[in-house]
1. Over the protein assembly as shown, average the accessible area per residue using a 1.4 Å probe and give it in Å², no decimals.
2. For peptide C:229-241, compute the average count of partner chain beta-carbon atoms within 10 Å of each residue's beta-carbon.
3. Shape call for the stretch B:336-419 from the C-alpha gyration tensor, a ≥ b ≥ c root eigenvalues: rounded (a/c under 1.5), prolate (a/b greater than b/c) or oblate?
4. Exposed loop sites here are trypsin sites (Lys or Arg not before Pro) in DSSP loop states with at most 11 other C-beta atoms within 10 Å. What is the longest stretch of chain A lacking them?
5. In whole percent, and with a 1.4 Å probe on the protein chains, what portion of the accessible area of the stretch B:258-324 is carbon and sulfur?
6. Kindly provide the trypsin sites (Lys or Arg not before Pro) of the stretch B:170-262 that DSSP labels as loop, not H, G, I, E or B, and whose Cβ sees at most 13 other Cβ atoms within 10 Å.
7. Can you give me the % of accessible surface on the stretch A:17-72 that is carbon or sulfur? Probe 1.4 Å, all protein chains present, nothing else counted.
8. Under a crude label model (7 Å from the Cα following the beta-carbon direction), how far is B:Thr195 from A:Ile105 in nanometres?
Amino acid sequence: MAPSSTLKSPASGKVKRSGHSRKLFLKILRVLVLTIACLAVLIPLAYLVINSLKLQADMYTTPPIIIPRRITFEHFQTAFGNPKTLRYLSNSLIVASVTTAVTVIVSTLCAYGLARLGLRARWLALIIFVFLFIRFYPRITTVIPYFLVMRDFSLLDTVWAIIIGHLGITIPFVTWLMLIVFQDLPREVEEAAMVDGAGPLQRFWRVALPMAAPGVASAAILTAFLSWNEFLIASSVAKRQAQTLSIAVAGFVTDKGIQWGPMAATAVIMIVPMILFALFVQRYLVRGITLGAVKG
Amino acid sequence: MQLSRSTIMRLLAGAVVVAMLAGCAAVAPAAPAAAPASEGAAAAPSVEGAEITVDYMQSGTYDKAAEALKADFESKTGAKVEIVTAPWDVLNQNNITDLTTGTGAYDVMSGEFWIATVFDKMLPLDDYVTRDNYGSEFIDGIWAPGPSNFYDGKRIGVPYSADAYGIWYNTEVFEQCGVEANWETWDEYIAVLDTLKTCLEGTDVAPMVHYFGQIEQPAAIFLGMYDGYLVDKDGKYGLDREKAVAALNKMQSLLDYNPEGVLGFDFNAGNAVFLNGKAATMVGWPSFIRADADNAEKSQVVGKWAMANFPGPGFPMVSAWNMFISKDSANPDAAWEWIKAYANPENGTKWMAEYGIGSPFKATYQDPALLEQFAHFYPAQAANLNKAKSLPWTFAAFEAFFRNEGDFHQGKVTAEEMLDNVQKEWDEIEVPGALVQLAELQGLTQK
Amino acid sequence: MTVANQPAPRHRRKWVHDWPWMVAFVVPALFIVVIVQGYPLLFSAYLSTQDWILTNSPSSEGFVGFGNFVKVAQNEVFQRAVRNSIIITGSAIVVEMLLGTGLAYLASGSSWPMRIVRTILILPLVIAPVAAGTLWRMMLNSQMGLTNYLLSFVGVKGPDWLGNADWAVVSVIIVDVWMATPFVFLVVSAGLTGIPFELHESASLDGATRWQSFLRIDIPLLAPLLLLTLIFRMLESLLSLDSIYTLTLGGPGYATFTMTYYIYTLGLRSFNLGLAAAASWLFMAFAAAALGFVFWLQQRWQTSQ
């Protein structure tokens, strides 16, 4: 999937500009804005992590405790001590990874096919429209019919019921996203490959896909995150064996208030695999610059 | 130890309640004695090898208790139990979907009057109850229709938790301000709040706290202040307008005694205010706070708080989780054995201490050792439980009420306008038969 | 370049012999989406014409035609919920689009600080919406929350975020922005990496500033992607429920009671399948109109180029 290194473009597009102070000012402004944005993201997250280490009594105080004097790992112990947590975790991992893999493969192929099929505009638009219509129909209303379908296929309480449900949400989006990406790609490269005798699969795999890598990377990240955190579909078809972490987190909102410690601990546990995944996929987000090199 | 006047009063009140409860027990029909418990057990069919699924709310209390019971139950009966837990909404949703589609995935279901629309799909339990001479150990008010769920005059639910809306207070603050928690009505309670407000002027202690930001909760205060009907002559939802307006305005006046920003307080925030000693009184669910308030790690009011009487003329709302057996259950006998194993005085007392589950059993509130240890809590709580009533509202009816009430708290509408808006929504709602019966049995129907 | 973009006839001839392959590429996705997901959708279309409350009867109690639609559309609570939804979503997506695009532009490049910044900025997507809602509920508590405490350091007395009906709306918007800006950021970032450097280089040789080349080169090139993101965010935000549910429970009163919340109470609280389906189809009529408008816009934009 990684583009070959010979296609790498110059490291950066340095721009000559007059007005040294103005350039400095813009640079500072950029750093400032990005810092504020990062803080806005990180402060609530850090607070979540801090809460996962706080004693129950320190959760709600006036003023709030930012740096706790006493910390505890009991919430993590509670979370990991429960044998169900590990089952939830493995269910979540299966659901998110299968959903992501299937979505990315199926949707990328579909988008490529649609982009190269030479369909008339209105047919293409119709297909995408049907996809999106199904995507955005409120799931709340299809929960009961979906429950019955899954029951009749004996898929109730399996990860497959959740995965199939998620695919209906993720495939339409990724297909549309990748369709735009593929339509943006220059045909010349593929045509050159065609002249060299490359078949459709090779052209897709060797030529189109590497150029579309940033799109695939963001699609994969978005799909994995969505599937990892989805609650409604998962909770309606998974009652016991197939429950996922997102259901576990919701379970800490009880009729007696929120069990803050265990919830924060579980939420923190949920974050870690996704961050690792995002870091792993990140590198493909900048490689798409091959496109410019080819065109030039 | 020198006994203060209020302690003596509390002990006296406790003794009265205990005597009352004991009296009730004595008057309870002695007929089932003809079939001794051991004989009843022998008559019960074996449930060896049966597999049942039971569901509880994922709360870290009821579900934990079930897990703790599981191994012992399985080895004693030879049945296999699967415990399913879900968040509140999902639990109700699962139960209703399961019952209405005839899926039959759960043998024992947990629920309250919120799922009254499917009460007709629950198995009547009267035969089991008579056979095993079960039920005499419950607090009478909790074993009665309302807290116990009935359909068509037949028992379908066995309560396994009991809590009633209550008011508790900080005894230290009360002593400092020279007031006593001896109110019978909300007007008397508000008079006490007035005294407290003057006394606490300039401190960071508020006379009262409630979780107004938990938007469905203030309705329970309204019900305490309102003594009219909830279901009208035609079997539709309605309210006695004059009484309702008075109650709403009285309720609004309570906001003056709360800490700043209280309209945004959820359970956790409200509880924290009282636990940190920053409120003289609190209105809410006692079971949410009892265990924490007595725990020095979580509370600064250990030994400095006590339950009080829930004032009239309305009633304290009850929360009583029931266990039901689904009509679709393939193993009702095993399901009943589980219910018996789960809901009994021994567990009730133990789990109240361990998990904070409000016990529905008399014995818990009569145990001399516990009475002494929890003199600040048990007697008043038992008295409140005994007069508590169950809401005959569906969730849609409840939601119409508390959302419009929220608009009223925000000052967007007057009490009269709010009632008009509520009534407009209620007119669209059909009252389930089980809830009409429930209202009648509790005297909440228009005469 | 857009959904409506077509290879020129000359190209079409060259590619046309591949069509069996391309059809084979398209079919799996089509199957999963249309066949597997289509059934519940068709079923709900049927439901929208039925008088059926699941808790009253195990099967429909009769055909009511458009009765459910009329009932929902005339319902005052629904109208209010739609108004709330428009205010919340309308404000949230404007902020998200501007912020997401701006940040994607500022955080572009392959240097390591930018990689770290990009990873940080997508983190809110990692939090389960239920947890995010409760987290912010704690943060926004007027007395014990972190937000007002931090504001007090800069001399601002923070409002009663969740207790006041108007501020509660602002709170819901803030949380939506916090949770969803990373989506815009991520999609636009991916789009930016696809823009050839040469275009910028030649523009800068012509004396254009970075800002000018952003407006003249990047924005037009990204337009289809931005439209996609906008429409997705709009519909997603209208559909979001988990975070509002845990943040405000739709309150105080009806202040943050949205259309999706309304559908939820009808469908999964009251089990009124007919009304819930009708409300959903009303929403879809709107969604279809919005999607149609975007497609039309793209087509127009395409031909005008």
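The values are calculated or read from the model by the stated rules, or taken from the named source; none is laboratory data. Being a predicted model, the structure only gives us computed values, none of them experimental. With ideal geometry, Cβ positions are generated from the backbone for all residues, glycine too; neighbour counts draw on all protein chains shown. Note: accessible area is taken over every heavy atom of the protein model, side chains too, but ligands, DNA and RNA are not part of it. Shrake-Rupley method; radii C 1.70, N 1.55, O 1.52, S 1.80 Å.
1. Each residue of the protein assembly as shown exposes 38 Å² on average to a 1.4 Å probe.
2. Values: counts 1, 0, 3, 8, 0, 1, 4, 4, 0, 2, 6, 0, 5.
Other-chain Cβ atoms within 10 Å of each residue's Cβ, averaged: 3.
3. Taking the square roots of the gyration eigenvalues as a ≥ b ≥ c, the stretch B:336-419 is prolate.
4. A:121-296
5. 47
6. Listed in order of number, the matching sites are B:Lys233.
7. Using a 1.4 Å probe with all protein chains present, the stretch A:17-72 comes out at 73 percent carbon and sulfur.
8. For the pair B:Thr195/A:Ile105, the computed spacing is 7.7 nm.
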